[in-house]
Amino acid sequence: MDTGLLVGDIGGTNVRFALAVRRGGGMRIERFEVYPGREFATFSDALHRYLDQTGVRPAAACFAVAGPVRHGAARLTNRNWLIASDALSDEFGIENVLVVNDFLAMARSVPELEADAFEVLFTGEAVESAPILVAGPGTGFGVSTLVPSKDGWMVLSGEGGHIAYAPRTELERDLARLLARDFGYVSNELVASGSGLPAVHSAFCEIYGVSPRSLTPAEMHVRAEAGEAMYRALIELRAMAVMGAVGDLALATGALGGVVLAGGVTERISSYLKTPQAFERFTSRGPMSGYLRNCPVRLLHDPVAPLIGAAAYFEQARG
C-alpha cells in the first residue's frame, strides 16, 4: 500500500487525481494526473485508469465531487456519475473512503496555501474570528464557508450557487426574463457558470438581434477584447453576477474574514472582477452598503487547491 492519501477533484469537465502527503507542516501533491471526464462512462472507469497508470495502491482516499453529498454518496450535478464511498471501498479494496463536496475541499485548502496562491482583487482588513466565504463559477457555481473554531477549521457546505439570480440593470432584467421563459428558475449558476454559458449566449443573441453563433468561451473573450459590444456586455454581466452573488452570500454569512473567489470561469474573467463596477456590485447593499466595504477579496489560482483541501479535510475528520 502507498503511504500517501489518494485524493480526487471530480468536476463537470475534468477529473484530477493525486497522492497527498503531509511534509514539513505543508500538504504536498504527488503523482498528479488530469483526465477529461467525457472519456469515461463512469467514475470507476476514470479511477481504474489512474490506478493502472500510476501503480498507486492506497489504503485511504478522499474524493471532492461537484455535487451535493448525502450519506457518503454524490451524483455529479453536470455529469451522470454516482460516486459512493462504500461501493468504491468494495470495488477497489480501499479501506477508508470519504466523499465530500468539491467546494468544501476548495474552502478547506485556503488555510493550507501560501500567500502566492492568491491574487488580491480588493484590499481590506479581514476580521480574524469571522468566517471566510469561498465561492465562484466553474462548470457549476460552488459555495462553501470556512469557519474558524477551537478544534481547527470547520467548513459549511451547501448548494449556494443555485440561489436565485438578482438582476439590477435593464439588460440583466431582459436576460433574466428570457432565461425564465426557457428554464423557469434562474439561478446564479445558470447566469455565471460554464454550463449556463450556451443559454446566456443564446439569450444575448436574441436581445441584440443577431443570429446565433457557435463560439467557444475563448472566442467570445477574443471578440470582447476586440471591442465587440455584445460579447463585452455578456462577460461584464457574468462578472457582475459573480460579484452580486458573493456579496449576497458574504452578507448572509457574515464573512468578514474575507472572500476567496475560485473556479475556472472566475479565473478566465478575472480582469472583469477587479473593476470599480465590480466592487460596487459586491458592496452596494442599500442601508448595509458599508458592511462589506473593508472586506478583502482574493482570487485563488492554485489548480490543485481542491486536492490539498480534500487531504486536509480527511486528515482533520479522521484524525
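The values are calculated or read from the model by the stated rules, or taken from the named source; none is laboratory data. As the structure is a computational prediction, the values presented were derived from the model and not from experiment. Cβ coordinates were reconstructed from backbone atoms using ideal geometry, including for glycine residues, and neighbour counts include every protein chain displayed.
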Yes/no for residue 120 being part of a strand (DSSP E or B) and either modelled with pLDDT under 95 or in contact with a helix residue (DSSP H, G or I) (Cβ under 7 Å, 6 or more places away or on another chain) (or both): no
Among the candidates 222, 259, 210, 200, residue that is under 16 Å from residue 142 (Cα atoms) and hydrophobic (A, V, I, L, M, F, W, C): 259
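Each row is one residue, and each column tells you yes or no for (1) surrounded by 20 or more Cβ atoms within 10 Å (Cβ to Cβ); (2) under 23 Å from residue 160 (Cβ atoms).
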site	(1), (2)
222	no, no
232	no, no
241	yes, yes
247	yes, yes
252	no, yes
256	yes, yes
259	yes, yes
266	yes, yes
270	no, yes
For residue 216: the one exception among (1) free of Cβ contacts under 8 Å to residues at least 40 places away in the same chain; (2) farther than 18 Å from residue 139 by Cα: (2)
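Quick grid of which residues meet (1) surrounded by 19 or more Cβ atoms within 10 Å (Cβ to Cβ); (2) outside the structural domain of residue 262 (by TED's automatic domain parsing); (3) within 14 Å of residue 89 (Cα to Cα):
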| residue | (1), (2), (3) |
| --- | --- |
| 37 | yes, yes, no |
| 41 | no, yes, no |
| 53 | no, yes, no |
| 58 | yes, yes, yes |
| 61 | yes, yes, yes |
| 72 | no, yes, yes |
Residue identified as among the basic types (Lys, Arg) and without any contact (Cβ under 8 Å) to a residue 40 or more places away in the chain among 223, 298: 223
Members of the range 123-138 found to be among the β-branched types (Val, Ile, Thr) and surrounded by fewer than 24 Cβ atoms within 10 Å (Cβ to Cβ), listed by number: 123, 127
Residue 292 being of a type in the set (A, V, I, L, M) and part of a loop (DSSP other than H, G, I, E, B): yes
Where a residue in the range 72-100 is free of Cβ contacts under 8 Å to residues at least 12 places away in the same chain and its partner, wherever it lies, is in a strand (DSSP E or B) and buried (at least 17 other Cβ atoms within 10 Å of the Cβ), with Cβ under 6 Å and at least six apart: 89/97
Residue in the range 83-102 that is surrounded by fewer than 14 Cβ atoms within 10 Å (Cβ to Cβ) and within 29 Å of residue 195 (Cα to Cα) present: no
Residue satisfying all of: in the range 286-304; in contact with a helix residue (DSSP H, G or I) (Cβ under 6 Å, 6 or more places away or on another chain) and charged (D, E, K, R); surrounded by the most Cβ atoms within 10 Å (Cβ to Cβ) among these: 302
Wholly within the range 130-216, helices (runs of 4 or more DSSP H) carrying at least 2 residues that are more than 20 Å from residue 272 (Cα to Cα) and among the hydrophobic types (A, V, I, L, M, F, W, C): 170-183, 197-208
Matching residues in the range 63-79 - criterion: being among the hydrophobic types (A, V, I, L, M, F, W, C) and assigned to a strand (DSSP E or B): 63, 64, 65, 69, 73, 74
Residues satisfying the stated conditions in the range 218-254, i.e. touching a Lys or Arg at 6+ places or on another chain (Cβ under 7 Å) and either closer than 30 Å to residue 157 by Cβ or hydroxyl-bearing (Ser, Thr, Tyr) (or both): 231, 240, 243, 244, 247, 251
Considering residues of the range 148-164 that are aliphatic (A, V, I, L, M) and buried (at least 17 other Cβ atoms within 10 Å of the Cβ) only, the residue nearest to residue 234 (Cα to Cα): 163
Residue match in the range 165-179 (condition: buried (at least 19 other Cβ atoms within 10 Å of the Cβ), polar (S, T, N, Q) and under 30 Å from residue 200 (Cβ atoms)): no
Any chance residue 112 is at pLDDT 90 or above, acidic (Asp, Glu) and within 21 Å of the chain's Cα centre (by Cα): yes
